[in-house]
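The values are calculated or read from the model by the stated rules, or taken from the named source; none is laboratory data. None of these values were measured; they are calculated from a predicted model. Glycine gets a Cβ as well: all are built from the backbone with ideal geometry, and neighbour counts include every protein chain shown.
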Amino acid sequence: MSIFSALAIVIPPQFHEQINVIRSKHDRAYPRWMPHINLIFPFVNSGLFSNIKTILKDITLEPFEIQLNVVDFFAQKKELTFHLRPKDDSKLQELYSKVIELLPDVSLKHNKFHPHMTLGHSMKNR
């Protein structure tokens, strides 16, 4: 597993500038990652990318649009992570299920998939 790679859905570039206005001020990962929704993070070492690509190339799923239309947050140890998430995440859940079915040997950090795009972080009040 590598914290330097992720299997992710990249937000289309035409939306990056607007999103990055917020991320550049509040998301410590802003310089390293473009706006995205992680499917699996951390992911595999880069030496395995071509194998993974071969495995995932045959996933079949009708094209779909994602609307990140809910502003939300979740608590972590000492901070809050603010994000956008879809009200309806059924298509993302379907995609995620197909991916993990095809990659049973990839370790997962979380037991459940909560698709979201991080906007930033804030320290919790005591």
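For residues in region 1-26 being touching a Ser or Thr at 6+ places or on another chain (Cβ under 8 Å) and more than 20 Å from Leu103 (Cα to Cα), which is surrounded by the most Cβ atoms within 10 Å (Cβ to Cβ)?
So the residue we want is Arg23.
Can you name the residue in region 72-115 that is acidic (Asp, Glu) and not in a helix (DSSP H, G or I) and, of all such residues, is nearest to Tyr30 (Cα to Cα)?
Applying the first criterion (acidic (Asp, Glu)) to region 72-115 yields 72, 79, 88-89, 94, 101, 105.
After this cut, where a residue has to be not in a helix (DSSP H, G or I) as well, the list is 72, 79, 88-89, 105.
Numbers: Asp72: 19, Glu79: 17, Asp88: 26, Asp89: 24, Asp105: 29 Å.
Only one residue tops the list, namely Glu79.
Inside region 50-66, can you point out the residues that are part of a helix (DSSP H, G or I), free of Cβ contacts under 8 Å to residues at least 40 places away in the same chain and surrounded by 10 or more Cβ atoms within 10 Å (Cβ to Cβ)?
Across region 50-66, the qualifying residue is only Asn51.
If you go through region 22-41 one residue at a time, how many are over 18 Å from Arg85 (Cα atoms), modelled with pLDDT of 95 or more and not polar (S, T, N, Q)?
Result for region 22-41: 1.
Of the conditions (1) in a loop (DSSP other than H, G, I, E, B); (2) among the polar types (S, T, N, Q); (3) under 20 Å from Glu65 (Cβ atoms), Ser5 fails just one. Which one is it?
(3)
Between a residue in region 19-38 that is closer than 22 Å to Glu65 by Cβ and any residue that is exposed (fewer than 15 other Cβ atoms within 10 Å of the Cβ) and among the aromatic types (Phe, Trp, Tyr), which pairs come within a Cβ distance under 9 Å, given they are 6 or more apart or on different chains?
Between residues of region 19-38 that are closer than 22 Å to Glu65 by Cβ and residues that are exposed (fewer than 15 other Cβ atoms within 10 Å of the Cβ) and among the aromatic types (Phe, Trp, Tyr), the close pairs are Pro35/Phe15.
With the condition kept exactly as written, say whether any residue in region 27-38 is among the acidic types (Asp, Glu), out of contact with any Ser or Thr (no Cβ under 9 Å at 6 or more places or on another chain) and either surrounded by 12 or more Cβ atoms within 10 Å (Cβ to Cβ) or on the phi < 0 side of the Ramachandran plot (or both).
No, region 27-38 has no match at all.
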